[in-house]
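Peer 1: First, the structure itself, so that you have it in front of you.
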Amino acid sequence: MSVADRAVTSPLFSWTLSGDSDESYAPRLVEFRPADGQTVIEMMDGKYLLGGTLVDTGGVSPFALRDVPPAFFAELHSFGWLRHFSGLRDAGQRRFAATLVSDWIGRHGSFSRTVWAPALTARRVLNWLKNIALLTGEATPEQQRTIRRVLASQVQSLNLRQSLIAEPSEKLLAVTALAGAALCGDEAERTLLARFDALERLLDAQIDDQGLHLSRNPHTQLQLLSELIPLRPGLARRDADRAAALSRRIETMQRALDRLILTTSEPGYFNGCGQLPVDLVLAVTGQSNIRTATSSVASGYGVLVDGHGKVIADSGLVPPAAHAGKAHAGGLSFEFSCGNTLVAGNCGPAPGQLPESSVLFRHTAAHSAPTIDDVSNAHLGGPKPLATRLRRRGGLPSITLDAQENTLELTSPAYAGRYGLLLTRRLTLMGGGHTLVGQDRLAQSGRQARPGDLVIRFHLAPGATADRTEGEDLIRITYRSGEAWTFLWEGAHAEIEESVRNSRHFGLSRTEQIVLNAPALPETEIAWVFTRQSA
């Protein structure tokens, strides 16, 4: 597919990417994401906070910069920041945004493999369509024709390349952009319906019965929802039945996303998802009145809810290979929050500026989970082309909910082949969400057990300080909010070690982890408790 993509986008076929300057696009996509006037002021002052990185251009066009962080580059060239300018009435501020668009066209208006990468192009097309009135409102007739031509060229490039996109979620994003372009353009009714039929087929193939994308990545789920939701109003005016079907799909997907959002309003760090902008999470969830504030099991995740507390646990279900490029070996890991406090969680994906560490952060040790000898519960690395794909180790994991006891039980057979042991974790949330009781135990899997070391890690939130008085079997944890929690355990040796958590805004934040160790033998059992102290 890569070879074919390079062929169709080579200079020999550049004429196939040319757009029609007479193509017109109407403002039919809704922009529901929040705008920030302060962002406009900072951008006009040369300060761009994108992808969690603040860059001061010193008055130079941001598109002239080189060697910027990947996340900054993606956010800049996707043009999601246009929404901050669209609602403004000040002509000067609107012209500034239009000038940036014109500058991008002058530098990147012709095909470039990096800037015109399918997923990035799809996001840019959708953002231009959502803000088409801003792009053309302050432009001369000649500039308007240029904008329409370049927009049409990008749509044409997605149309030519959609079948050659290897990453499923990127292909779904490209098809979503094509559906949005058909909705805003002068496409015939037959073409419009064909675009949405193609979108529906891909959604059927990539969204499971519980509404979650097969990658099991909350970030992917949020990104898809943020682009699907704007299609609904325009489609409702053209085809009520298809709009109703899309709305049902979106509601199911929103319900699945809501399950994976902690009480801190951030999604759990699972399968490639790290810190996401809270305003975007709230904007997406705010498009639905459905809330899943109950304990449940779906898509390989288990959720416990009690009072102000919420636990999200991952059974370790490995996505299909095509969707496992960012998946983590996080079987039996969990994230636990109470109110606005993250009590314990996972390290998250590696920062973009540390690509050489990407696999390291995907191992089980980077999660609040049990392992044996720190061997990950799924395969990572190895020969290409599967080197980046997570692969299952052993049989299928299981997860069940005892609703009466508000208890999850997760079992991993990942260590049965190498160690002859099954690993089971029980989690119970109680006391209004102020107490989480856990139990990790080993059982022989039917073959001779091989000795090892059971290691259980609990990665604390950034800013948390763990302290243990010598001789005591408890650890006191103080969080930035001032809350005090106690961690108790039995059946293991405990240590406090350094850890990190990847923040979108601050990069790697130093924190601490509690590490329990015990012999990995049949019938080994470790009990532990997180409990909040009274004020």
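Coordinate-derived values only; no laboratory data. All figures in this text were calculated on a predicted structure; none of them were measured in a lab. Neighbour counts run over all protein chains shown; Cβ positions are idealised from the backbone, glycine included.
Peer 1: So how much slack lies between Arg145 and Gln287, counting 0.36 nm per residue of separation and subtracting their Cα-Cα distance, in nm?
Peer 2: Length gained between Arg145 and Gln287: 47.7 nm.
Peer 1: Here is a follow-up. Please compute the modelled spin-label separation between Thr294 and Ala322, points set 7 Å along Cα→Cβ, answer in nm with one decimal.
Peer 2: For the pair Ala322/Thr294, the computed spacing is 3.4 nm.
Peer 1: Helix-only mean residue ellipticity at 222 nm, the chain, DSSP H runs n ≥ 4 weighted -39,500 (n - 2.57), per residue, nearest 500. What is it?
Peer 2: -10000 deg cm²/dmol
Peer 1: Right, here's the next one. Set Lys and Arg Cβ to +1 and Asp and Glu Cβ to -1, take the dipole of region 426-535 about its Cα centre, and tell me which of Pro519, Trp489, Ile456 lies farthest positive.
Peer 2: Working it through, the farthest residue towards the positive pole turns out to be Ile456.
Peer 1: Right, next: Roughly what % of Cα-Cα distances in the chain sit above 44 Å, to the whole percent?
Peer 2: Here the tail beyond 44 Å accounts for 21 percent of pairs.
Peer 1: Scan region 225-317 for trypsin sites (Lys or Arg not before Pro) in coil per DSSP, keeping those whose Cβ has at most 13 other Cβ atoms within 10 Å, and list them by number.
Peer 2: Arg291
Peer 1: At 7 Å along the Cα-to-beta-carbon direction for both Asp239 and Leu54, put a label point, then send me their distance in nm to one decimal.
Peer 2: Rounded to a tenth, the inter-label distance reads 4.7 nm.
Peer 1: Return the Rg/Rh value of region 296-532, two decimal places, where both radii are evaluated on C-alpha atoms and Rh is the Kirkwood radius.
Peer 2: Radius of gyration over Kirkwood radius for region 296-532 works out to 0.95.
Peer 1: Pairs Lys326/Lys384; Lys130/Lys310; Lys171/Lys326; Lys47/Lys326: which are spaced more than 25 Å apart, C-alpha to C-alpha?
Peer 2: Lys130/Lys310; Lys47/Lys326
Peer 1: Can you tell me the dipole magnitude for the chain around its Cα centre, using point charges on the Cβ only (Lys, Arg +1; Asp, Glu -1), in Debye to the nearest 20?
Peer 2: Roughly 1340 debye for the chain.
Peer 1: Could you give the angle, 0 to 90 degrees to the nearest 10, between helix 168-184's Cα long axis and the longest principal axis of the Cα atoms of the chain?
Peer 2: Helix 168-184 and the main axis of the chain meet at about 30 degrees.
Peer 1: Hey, what's the Kirkwood Rh for region 2-162 if you take every pair of different alpha carbons, in angstrom?
Peer 2: Roughly 16.3 Å, rounded to one decimal.
Peer 1: Can you say what percent of the DSSP beta bridges in the chain, counting only those with both residues inside, are antiparallel? Round to 5.
Peer 2: Percentage antiparallel, nearest 5: 100.
Peer 1: Can you give the three extents of the C-alpha atoms in region 410-473 along their principal axes, from longest to shortest, in whole Å?
Peer 2: Result, largest extent first: 42, 30, 24 Å.
Peer 1: If you filter region 436-535 for GluC sites (Glu not before Pro), then keep DSSP loop positions with at most 14 other Cβ within 10 Å, what is left?
Peer 2: Glu470, Glu472, Glu523
Peer 1: Next question, about the same structure. Using +1 at the Cβ of each Lys and Arg and -1 at the Cβ of each Asp and Glu in the chain, identify which of His84, Gly394, Cys338 lies farthest towards the dipole's positive end.
Peer 2: His84
Peer 1: Using the alpha-carbon atoms, what tilt in degrees (0 to 90, nearest 10) does helix 189-206 show relative to the longest principal axis of the chain?
Peer 2: It is inclined by approximately 10 degrees.
Peer 1: Search the structure for amide H atoms under 5 Å from the amide H of Gly420, placed 1.01 Å from N in the peptide plane, and list their residues when 5 or more places away or on another chain.
Peer 2: Arg450
Peer 1: Taking the Cβ-Cβ separation of Glu497 and Asp373 as r and a Förster radius of 22 Å, what is the calculated FRET efficiency to the nearest 0.05?
Peer 2: Efficiency, from the Cβ-Cβ distance: 0.85.
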